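Please read the structure below before turning to the comments.
The values are calculated or read from the model by the stated rules, or taken from the named source; none is laboratory data. Here the structure is a predicted model, which means the values were calculated and not measured. Neighbour counts run over all protein chains shown; Cβ positions are idealised from the backbone, glycine included. Calculation scope for accessible area: heavy atoms of the full protein, side chains included, ligands and nucleic acids excluded. Shrake-Rupley method; radii C 1.70, N 1.55, O 1.52, S 1.80 Å.
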Amino acid sequence: MAHHLHHNPSRDQTPDGDGADLTGVSGSHSVGRFHVARQRGGRPIAMSAWRVTTEDPAVADALGRLYGGVPQLMDTGDERVVEVLTCCDRVPVLLEGSEAVSLRMVMRGGGRAFHVCDGAWFLEPASARGSLCGCPVRLADRKVAAQAGRGPMPEVRIGFRLAARPELGVFSLVSTSWELAAELPALTAALDVAAGPASGVLRYELVEITTRSGVAVSYRRPVIEVGNTRTLVQDAVRLAA
């Protein structure tokens, strides 16, 4: 049975535009986007399971049947974007080669991105493209600069198909997680050696830590595993610590 769309005009929209940017890693249009949070009053609110937005009601209906949740039509002005708050924090996926993932460093201000680079060379603005960006080589040093307001944040993009319904098309995930950025080299290496589409799992992981001062802290972050990447990233993830 198909889920009926429910209109949800009271929910605040995310700054990046849930329906405005459904671009995949390769530049092709994706059929939907996975999110780790919602926005309320300009602040991100973490979820306990994956949230997905799409412009295609048929895709939203399929997501609801696969992972639970009732598709809701969001109030986004001219665009008709459907939101599905799933009941699932673990999704089997298929990734097509290392082009399925990308990392760029972005610094925003005044509602625009004024520094976009690959960690070594400027990508934007167009007038600076190809020139040295001045970012530190090590990811850990980039994180220190970003936390001090002197450097860009990571923007990880991953394109994938749902293993259960690959014919639906390519979905995307855009994340600013430093941990995920640190894991990309191992993930890319695993995708390079895979013969054909690589099977993996996209997880919305709960992380619980205790700070040096004894305060318990918990948060959720996206994790993607392909083959033995979970073992390979144990050293790489220290870069983001």
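Annotations for the structure displayed:
- Residue in the stretch 27-44 that is modelled with pLDDT under 55, surrounded by fewer than 18 Cβ atoms within 10 Å (Cβ to Cβ) and over 20 Å from R220 (Cα atoms) present: yes
- Test: residue in the stretch 83-101 that is more than 30 Å from R150 (Cα to Cα), of a type in the set (K, R) and either at pLDDT 90 or above or open to solvent by less than 20 Å² (accessible area, probe 1.4 Å) (or both): yes
- Residues of the stretch 137-159 include none that is over 27 Å from S30 (Cα atoms), outside any helix (DSSP H, G or I) and among the acidic types (D, E).
- Lone unmet requirement of (1) part of a strand (DSSP E or B); (2) more than 30 Å from Q147 (Cα to Cα) for S48: (2)
- Filter result for L180 (crowded, with 21+ Cβ neighbours inside 10 Å, in contact with a helix residue (DSSP H, G or I) (Cβ under 6 Å, 6 or more places away or on another chain) and touching a residue at least 12 places away in the same chain (Cβ under 8 Å)): no
- Annotation: G110 fulfils all but one of (1) open to solvent by less than 60 Å² (accessible area, probe 1.4 Å); (2) within 29 Å of R138 (Cβ to Cβ); (3) modelled with pLDDT under 90; (4) of a type in the set (G, A, S); the unmet one is (1).
- Selection count, the stretch 114-145, where residues are in contact (Cβ under 8 Å) with a residue 12 or more places away in the chain and either surrounded by 13 or more Cβ atoms within 10 Å (Cβ to Cβ) or among the aliphatic types (A, V, I, L, M) (or both): 17
- Scanning the stretch 106-121 for residues that are in a strand (DSSP E or B) and over 18 Å from A181 (Cβ atoms) yields G109, R112, F114.
- Positions within the stretch 194-220 being touching a residue at least 12 places away in the same chain (Cβ under 8 Å) and of a type in the set (V, I, T), in sequence order: V201, V207
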